[in-house]
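The values are calculated or read from the model by the stated rules, or taken from the named source; none is laboratory data. All values reported here derive from a predicted model rather than from experimental measurement. Backbone-built Cβ (ideal geometry, glycine too); neighbour counts: all protein chains shown. The area values use the complete protein model at the heavy-atom level, side chains included, leaving out ligands, DNA and RNA. Shrake-Rupley method; radii C 1.70, N 1.55, O 1.52, S 1.80 Å.
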Amino acid sequence: HMQRLSVKELKPGMRLARYEDAFANIKYIMECIRYDKETDMEVLKDTVNDLVHHILNDDMIFMTLTGIRDIDNYTFLHSVDVCIYTVVTSKAIGMSFDEIYELTMAAILHDVGKCKIPLAILNKPDKLTSEEFEIMKRHTLYGLEIVNQMPGLNQKIGKIICQHHEKWDGSGYPMGIKGNDIELGARIISIADVYDALTANRVYRKRYMPHEAAEYLMAQNGTQFDPELLKRFIENIAVYPQDLIVLLNTGEVARVLPSKGIASMRPRVSVITRKDGPPILDPYEIDLLENPTVFVVDIIS
């Protein structure tokens, strides 16, 4: 059994190792399900317990790990990112540890039903036809079936997974339920899910920059998303996490300084070099909020 570490002992490399462990474990579990092998529930429970403990301890550090992108492993990395955003949001609304644990279990398994979708549809580089989309939509129902057959999981987890594509205004699927009829957990996961999906490069479209993804979410406030939860989500995540290296439209390359919530959409940055040109010996700060013509055009690392 993994020894629990206090966050002070967690070196940055170990945080990355936590993230990679979670990724490897979720990949293993998904593949067991795809090939009808027995799922090791202990591995799953330990992974989730570990993630929840460490994200609750130091959410900012985990934020800097989100967005590790690799198209082939998209589904698994995406599941871990959705967990991180889910823990941060559920902590912000005052959920108990047990509730957060259960919701994180739903978050890590939210796309488990995709194991039952033909790979030709799952990996299709173009837009899905309406027939293919109808098949893709079944992943929510498959997820419910799969999770309800897993020993020792609360039935509520399957319900949340089934509802993570429902929308606040009732235009989602599979049931078209709306507002508070949608499980609270599903309303949280749907925000995390869309935010993370938008910021990923996909075969068929270029990724959104984080501030564009946050703006997209805000534009769907009250139609797709629960307004109160969306507000909490935006307030508590770091849209541009600290120490991210970004390229500005001015050609300057800068490191993001700490901030979160709305402020992190237009953070303060420290310019370290220019894309073409000599390094800058005295880094200088730019507050993007006060310089509306300056914005992030790419993420370097």
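Accessible area per residue was computed with a 1.4 Å probe on protein heavy atoms; H54 scores about 0 Å². The candidate values were (i) 60, 47, 37; (ii) 148, 49, 34; (iii) 58, 45, 40; the one computed from these coordinates for Cα extents along the principal axes in Å carries the label (i). What separates the Cα centres of the range 231-301 and the range 187-216 is a distance of 19 Å.
For R207, R255, the ranking by accessible surface with the largest value first comes to R255, R207, using a 1.4 Å probe. Taking a straight line from the alpha carbon of K178, these aspartates and glutamates sit under 13 Å away, with near neighbours fewer than eight places off in the same chain left out: E166, D169, D226.
Which net charge results for the neighbourhood of K114, defined as the other residues with beta-carbon distances under 14 angstrom from its beta-carbon, given Lys and Arg at +1 and Asp and Glu at -1?
+1
Each residue, A120 and Q220, gets one label point 7 Å from its Cα in the Cβ direction; the gap between the two is 2.9 nm. Over the chain, with every protein chain in place, what whole percent of the accessible area is carbon and sulfur at 1.4 Å, could you tell me? Its accessible area is 53 percent carbon and sulfur atoms. Computed from the C-beta positions of N49 and K206, the FRET efficiency with R₀ = 45 Å rounds to 0.80.
Which helices pass in the chain if a helix is a full DSSP H run, must span at least 20 angstrom along its long axis by Cα, and must have mean Kyte-Doolittle hydropathy not below 1.0?
Numbers: long enough: 12-34 (33 Å, -0.18); 41-57 (24 Å, 0.11); 74-92 (27 Å, 0.81); 184-198 (22 Å, 1.11).
Span-like helices here: 184-198.
Across the range 197-241, Cα-Cα pairs more than 15 Å apart make up 47 percent of the total.
Of the residues G172, L281, T64, the one whose Cα sits farthest towards the positive end of the charge dipole of the chain is L281 (charges of +1 on Lys and Arg Cβ, -1 on Asp and Glu Cβ, taken about the Cα centre). Based on alpha-carbon atoms, the Kirkwood radius and the radius of gyration of the range 113-215 give Rg/Rh equal to 0.99. In this rough spin-label picture, where each label sits 7 Å from Cα along the Cβ direction, the Y284-D169 distance is 4.6 nm.
With a sphere of radius 15 Å drawn around the Cβ of I177, what net charge do the other residues whose Cβ falls strictly inside it have (Lys, Arg +1; Asp, Glu -1)? List each step's numbers first, then the result.
On the way: positive: K137, K159, K167, K178, R187; negative: E166, D169, D181, E183, D226.
That sum, taken over residues with Cβ under 15 Å, equals 0.
Modelled spin labels at A197 and C32, positioned 7 Å past Cα toward Cβ, are 2.7 nm from each other. Take the range 145-274 with all the other protein chains still there, run a 1.4 Å probe, and you get 41 Å² of accessible area per residue. Note on the range 220-296: the alpha carbon radius of gyration divided by the globular reference 2.2 N^0.38 Å gives 1.29.
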